[in-house]
Amino acid sequence: KVEAEDGPLPPKPLLSLGIVSDIQYAPKEEEKRRHFKLSKGKLQHAISEMKANRSHLDLLMNLGDTVDDTIAVVLPEIMPIFQQMSPLPVHHVLGNHDFLGTNSRDFETLHTLLGMPARYYGLDVKSGVIGSDGGQRQFRLIILDGNDLAIYSTDVGSEKRRQAEAMLGLLKRRRAKNAQIFNGALGNPQIEWLKNELKESCEQGKLVLVFIHHPMRPKNEPTNLWNDVEVVPIIAGYGCVLAVVNGHAHKFLYDYQHTRHRDVHFITYGGMVQSPFTSWGFLDVFEDHLRVHGLIFGRPIDYSYDISDKSQKYHQVGDAEVTVDGKASVVVSSAPETGRDIRETDKVQLAMTEPTLSSSSSLNSKVGEDLVESTPQSPDKSDIDLLTAGGYVICGVALVVALGASSDRKS
């Protein structure tokens, strides 16, 4: 047992990841509140801070949209910054902007510019920390390609383009909010690969983190993966999955999905390009919780999400309505200062027990105030939203019930 002068040292995480997202660097001036040129300096700052202050960091994960467009031309300007993470590895996810300005004949090899082994892939990481059981946990990181079926990443006349057009057309007829040209979907071969990855990882006793550019939750987000309704149940069906981590929305979002094993957390990181202030952070995995902390538009965040195994607490899995005092309810533990519960009278998907959601953020929010990086009147606002299965919640010093952020911007 290691002790400091003022008491025991806090435990080290089993796995610690640095996170950056939506850097969208380009050598051009700010446009529509996207500060392209500033992203280069922000990335340098993030990596310098990670290396200086995180002795137990295991790797850096870049969640996509590394550049705004013309990746072959612009990427060489910032790749040397990523290389400063050495000897720690850097892993990348492909975003929609990474395809813009690229000839369609290069779509299938574009990932090689980032040093990726494939457009979607998995990798094993072994914890360097001894757990309470005396062993070292094995993790499987699954990197998905949400651009598999999309208008911007497929060749005109190809089978993938046909599938993308058909899927987008169907969503538009249904008036789905994510029927946007800047979104995409997983194709069937990738979905089958994902199922095999999850099955093998669970059988081998590995804990899984899934990374993708496009969000899957909260529901009805305009930036969501086209086939989120299909993919989420697949991921949530495997008890070894801890979280799905993504970017694309240019704001911080949180949601969860109940399963018989544990709560699967859906975490969206803020976009570095979206504000003159920076966004980057860490994802730390402990034995019983995830810690998500860092900066969103220059504001500090620090959240803890329960990942303990609840297998013995569940009696069924399905589309259920949980009642409390005769009303369907979602209960989220509030920040200590408020001592309140937020209850929503909406139907709860797969809800049997509620996850622990605690916040130690130093955000100075007020009840009724959105946490935005610019003027709240702007339709292109970027806020820090945490969602329950029943509604939008912002967590700072106090819980804030928001109306929900809607956006029709190109992400």
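The values are calculated or read from the model by the stated rules, or taken from the named source; none is laboratory data. These numbers come from a predicted model, not from an experiment. When we count neighbours, we look across all protein chains shown, and the Cβ atoms used for this are built from the backbone with ideal geometry, even at glycine. Areas reflect the complete protein model, heavy atoms only, side chains present, ligands, DNA and RNA absent. Shrake-Rupley method; radii C 1.70, N 1.55, O 1.52, S 1.80 Å.
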**Q.** Inter-label distance for Lys37 and Leu75, nm, one decimal - labels placed 7 Å from Cα along Cα-to-Cβ
**A.** 2.5
Q. Sorted by mean Cβ packing within 10 Å, highest first, what order do the peptides 172-185, 77-90 take?
A. 172-185, 77-90
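Indicate the gyration tensor shape class of the stretch 200-258 (rounded, prolate or oblate), computed on the Cα atoms with a ≥ b ≥ c the square roots of the eigenvalues: a/c under 1.5 is rounded; otherwise a/b larger than b/c is prolate and the rest oblate.
prolate
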Q. Over the stretch 175-295, what number does the Rg to Rh ratio reach, with both radii from the alpha-carbon atoms and Rh per Kirkwood?
A. 0.97
Q: Averaged over every viewing direction, what's the projected area of the C-alpha convex hull for the stretch 119-216? Give it in nm², one decimal, please.
A: 7.8
Q) Lys195: net charge of surrounding residues, Cβ under 14 Å, Lys/Arg +1, Asp/Glu -1, itself excluded? A) -3
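Suppose all protein chains stay in the model; what accessible area per residue would a 1.4 Å probe give for the stretch 38-138, in Å²?
44
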Q: Please give the per residue volume of the convex hull enclosing the alpha carbon atoms of the stretch 150-191, rounded to a whole number of Å³.
A: 70
**Q.** Packing-based order for 266-276, 289-299, using average beta carbon neighbours within 10 Å, highest first
**A.** 266-276, 289-299
Q: Determine the share of the stretch 80-230's accessible area contributed by carbon and sulfur atoms, expressed in whole percent, with a 1.4 angstrom probe.
A: 50
